[in-house]
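Below is one structure, written out as structure tokens; comments come after it.
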Amino acid sequence: GGKGAGKLKPATSINVRHILCEKHSKKEEALEKLKGGAKFDDVAREFSEDKARQGGSLGWKTRGSLLADFEKVAYDLEPSTTGNPKYGEVKTSEGYHIIMVEGRK
């Protein structure tokens, strides 16, 4: 939905985490864990095929440095914590991503 997306001030960089799964079924499993209250970084360590050791953290990324589809979803997310994440989903050439943002500036 695009509701409420207008409330966020434009950011030039975001501190972003993701869970990347090649298979849709694995991504769905990771989502179930998150919906069940698991911490985002814990789920990333268990399921992500990228940056798993860092709990899915990609660090601070400036606008234009991420895949366009990924960035579009990520920059629309409200910042949240790994313990209570607000996440979005996107499919890119790399696979299925579940994304959360810890900070914007």
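The values are calculated or read from the model by the stated rules, or taken from the named source; none is laboratory data. Owing to the predicted nature of the structure, the values given are computational and were not obtained by experimental measurement. All Cβ positions, even for glycine, are placed from backbone atoms using ideal geometry, and neighbour counts span all protein chains on display. Heads up: the accessible areas ignore ligands, DNA and RNA and are worked out on the full protein's heavy atoms, side chains in. Shrake-Rupley method; radii C 1.70, N 1.55, O 1.52, S 1.80 Å.
General remarks:
- Being in contact (Cβ under 8 Å) with a residue 60 or more places away in the chain and either open to solvent by 60 Å² or more (accessible area, probe 1.4 Å) or touching a strand residue (DSSP E or B) at 6+ places or on another chain (Cβ under 9 Å) (or both) is a property that does not hold for Glu32.
- Residue count for segment 43-61 satisfying the condition of being open to solvent by 80 Å² or more (accessible area, probe 1.4 Å) and either touching a residue at least 40 places away in the same chain (Cβ under 8 Å) or not charged (D, E, K, R) (or both): 3.
- In segment 43-55, the residues that are closer than 15 Å to Lys26 by Cα and not hydrophobic (A, V, I, L, M, F, W, C): Arg45, Glu46, Ser48, Glu49, Asp50
- Taken over segment 75-105, residues that are part of a loop (DSSP other than H, G, I, E, B) and more than 20 Å from Lys23 (Cα to Cα) amount to 9.
- Qualifying positions in segment 17-74 - in contact with a Gly (Cβ under 8 Å, 6 or more places away or on another chain), acidic (Asp, Glu) and assigned to a helix (DSSP H, G or I): Asp41, Asp42, Glu71
- Across segment 69-105, the qualifying residues are those that are open to solvent by 20 Å² or more (accessible area, probe 1.4 Å) and of a type in the set (Phe, Trp, Tyr), and the one among them that is nearest to Gly55 (Cα to Cα) is Tyr87.
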